[in-house]
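See below for the structure under consideration.
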């Protein structure tokens, strides 16, 4: 199998974390690519041009983080992510959805600020910044109450992906005044799967 991603895509990194957690590194070839360029190589693989993209051994093409995680989780027992018992825990699912919403909003913010200055929307930037810091406060409160502990879950992976956007978006100063979030991020960052998912350009 081949997993396509860019050096900056948080969604591609999430799929790499799951791949490593599931022990599939020897079955998946990582292919680094670029998107949003005139000769976008992803367009030859899939018309949406999005990453991550997973090409199965039989040539089937899967896009979207949720679909790829679903496939990887089903590929090797035990089920831990898309097929885990957490899928029937609606309180947990609500937290997971909020973590995904945080990442989605931060992705919009990060894409907006790299547009030419005259094309940026101050309204979008302000809206997504407010949302990001509001959700950072929400997760600071959850972590202070010892929520999101235990084995790695998709909620934690989405939250890590959100916080990791700071390397592309210095204005996302989520560390200020959020000690529980800082401590949690430091611990998660040292997990072998998280360390192993770092793009080659990162230290």
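We did not get these values from a lab; they are worked out from the coordinates using the rules stated. Being a predicted model, the structure only gives us computed values, none of them experimental. Cβ atoms come from the backbone with ideal geometry, glycine included; neighbour counts cover every protein chain shown.
Provide 7, 159, 56 in ascending order of the number of other Cβ atoms located within 10 Å of each residue's Cβ, fewest first.
56, 7, 159
Spin-label point model (7 Å from Cα, Cβ direction): what's the residue 130 to residue 198 distance in nm?
Result for the modelled spin labels: 3.7 nm.
According to the square roots a ≥ b ≥ c of the eigenvalues of the Cα gyration tensor, what is the shape class of the stretch 2-82, taking rounded for a/c under 1.5, prolate for a/b larger than b/c otherwise, and oblate for the remainder?
It is prolate, given that a/c is not under 1.5 and a/b is the larger ratio.
At a Förster radius of 41 Å, what calculated FRET efficiency corresponds to the Cβ-Cβ distance of residue 167 and residue 145, to the nearest 0.05?
My answer for the efficiency is 0.90.
Under 1.5 on a/c is rounded, so check that first for the stretch 85-192, then, if it is not, pick prolate when a/b is larger than b/c and oblate when it is not; a ≥ b ≥ c are the square roots of the alpha carbon gyration tensor eigenvalues.
Since a/c reaches 1.5 and a/b is larger than b/c, the shape of the stretch 85-192 is classed as prolate.
Can you give the FRET efficiency to the nearest 0.05 for residue 29 and residue 176, using r as the Cβ-Cβ distance and R₀ = 35 Å?
Once rounded, the FRET efficiency stands at 0.30.
Sort 21, 166 so the one with the fewest other Cβ atoms within 10 Å of its own Cβ comes first.
Fewest-to-most ranking of 21, 166: 166, 21.
Please rank 19, 1, fewest neighbouring Cβ atoms within 10 Å first, as an exposure proxy.
By the 10 Å Cβ count, ascending: 1, 19.
Could you tell me the calculated FRET efficiency between residue 111 and residue 87, based on Cβ-Cβ distance and R0 = 45 angstrom, to the nearest 0.05?
The computed FRET efficiency comes out at 0.90.
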